Amino acid sequence: MAPPNSSSPLRILLSPKSLPEVQALLKNDTKIAVELFNSQEQNPGVQFDAALISRDVTSTSTKQKIIPATQAFYDLLLGTSDLRWVQIHSAGADRQIYLDLMKRGVMVTGSSGVNAPIVMQNALAGILMLARHFPKMLKAQSQRQWDSLINYPLPPDLCGQTAVVIGRGPIGTEICRALEVFGVNTISVGFHSSLKERHPKDVGAHHISDLNQILPKAQWLILACPLSPETRNLINRDVLSLLPREAHLINIARGEIVCEPDLIEALNHQQLAGAYLDVFACEPLDVASPLWSMDNVIVTPHSAGHSLGNENRVLHLFVENLRALMQGEKLKNQIALDA
C-alpha cells in the first residue's frame, strides 16, 4: 500500500477506550502525522482513512447478534468512502463486516499470534479438565457429594496419548509445544500443499488430505485453524466416526468448522468421550442446545482469547502497522478475501 499524502494527517477512527492509549503510544513519534477520531463523537458519513476495531468495539457482539454500540461503529466504517485500512483485534476475519469491507477494497489486517499463548492456555485447561475428569468432580461438588474417582474406571495417563492438532499457525504451534511437555504425542495437520511432499510422513506434520488416516490414532482432536470454505463443516459425522470412542474434541477455532448436530449425535451415542467447546455455529449458544447439560462437555462463551495483556499487544501491533503504512511498507497479517 502506498504511503498516505504527507501533506495531510492520516485520519484514524478509534473507540473512546483505545484512543488515549494509541495517543500515548504515538506521543513521542514525530514522524507520524495523525488525526484521531473518537467514534462516539462522529456522525454517519464522517470521512477517515483507517480504523482500529479493538476488543471493546465488538464487545459481546457475535457474528449473529450485534449489539447497538458495535453496529454504530460498523455504520461509520460502511459510511466512509475514504477508508483504506482496518486493523482488527482477532486473528480471523470471518465477521460479515470484515468481508464487506474487503470486497470494497479495504485492506484488513488481523492480529494472528497476539493471543496465541492465551488461547493455548484455554485449550490446555480444557484438555486437563477432561483428562482428569473434572466435570464429574465439579458436578459432585455442586451436589455436596464426596465422590472419588476411585469409584469409576480411572482416567488414563495423559503421557503417551496422541493429539491431532488441525492448524499449524501460532495457536496450533503453541498447543503442540505445551502438550509435548506432558509427554503427549502431537500430530499437526495443515493445509499448505508443501505438506503433501514431506517424507517420511511420520515426522508429525501432515497435510489435511491425510486426516482420515491419522484420526484413528487420536485421543484428542484439537481445532486451531481458520474458518474457510475448506474448513467449514470439516468435522462431520464421517470424520467423527474415525475417532476412537475414548477420544475428545477441543474447539477453540470457529464453531462452523464442526457440524454441530453430528457432534451432538456422536456424544449422545458415546462415540466420543467428551468435548471442550469455546465456539459454536451460532452464538450465543441457544439455551435449548443439549450441549449445555452434557456431563462430558465443557462449554465456554467464546472467551479463549480474552486477556488483559492481549489488548495491549493489539495496540502495539496496530502502531507497528501504522508506522509501516506511513513508510509505504507491507503491513503485518494482511488477510486475503476467500473466493
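Built from the Cα atoms of segment 289-328, the convex hull projects on average onto 4.7 nm², one quarter of its surface area.
Magnitude of the charge dipole for segment 172-313, about its Cα centre and with charges confined to Cβ atoms of Lys, Arg (+1) and Asp, Glu (-1), is about 400 debye. The residue among L124, L83, F37 whose Cα reaches farthest toward the positive pole of the charge dipole of segment 5-125, with charges on the beta-carbon of Lys, Arg, Asp and Glu, is L124.
Counted residue by residue at 0.36 nm each, then reduced by the alpha carbon distance between them, the extension gain from Q40 to R232 reaches 65.5 nm. Overall, the anisotropy analysis places segment 194-339 in the oblate class: the square-rooted eigenvalues a ≥ b ≥ c of its C-alpha gyration tensor yield a/c not less than 1.5, with a/b not exceeding b/c.
Under a 1.4 angstrom probe, counting protein chains only, how are E174, E246 ranked by accessible area, largest first? Could you put the intermediate results ahead of the total?
Values: E174 50, E246 100 Å².
The ordering from most to least exposed comes out as E246, E174.
Note on K65 and E180: their simple-model spin labels are 4.1 nm apart, each label 7 Å out from Cα toward Cβ. In a simple Cβ point-charge model (Lys, Arg +1; Asp, Glu -1; nothing else charged), the chain has a dipole of about 380 debye relative to its Cα centre.
Using a 1.4 angstrom probe on the protein heavy atoms only, line up T58, T30 by accessible area, largest first. Before the final figure, lay out the partial values.
On the way: T58 0, T30 135 Å².
Largest to smallest exposure gives the sequence T30, T58.
Take the Kirkwood radius over Cα pairs of segment 164-237, plug it into Stokes-Einstein at 4 °C and 1.567 mPa s, and you get 103 µm²/s for translational diffusion. Placing pseudo-labels 7 Å out from each Cα toward the beta carbon at S81 and D338 gives an inter-label distance of 3.2 nm.
Averaging the sequence gap over all C-alpha pairs within less than 8 Å and six or more residues apart, then dividing by the number of residues, gives the chain a relative contact order of 18 percent. Here the chain carries DSSP beta bridges of which approximately 5% are antiparallel, counting only pairs with both residues inside. Normalised by 2.2 N^0.38 Å, where N counts its residues, the alpha-carbon radius of gyration of segment 65-128 equals 1.39.
Under the shape rule built on the C-alpha gyration tensor, where the axes satisfy a ≥ b ≥ c, segment 73-218 is oblate, since a/c reaches at least 1.5 while a/b does not exceed b/c.
Using a simple charge model, +1 on the beta-carbon of Lys and Arg, -1 on the beta-carbon of Asp and Glu, nothing else, what dipole does segment 1-136 show about its Cα centre, in debye to the nearest 20?
560
The values are calculated or read from the model by the stated rules, or taken from the named source; none is laboratory data. A quick note: this is a predicted structure, and the numbers were derived from the prediction, not measured. Don't worry about glycine lacking a Cβ; one is built from the backbone with ideal geometry, like all the others, and counts go over all protein chains shown. Remember, those area values only see protein heavy atoms, side chains included, never the ligands or the DNA or RNA. Shrake-Rupley method; radii C 1.70, N 1.55, O 1.52, S 1.80 Å.
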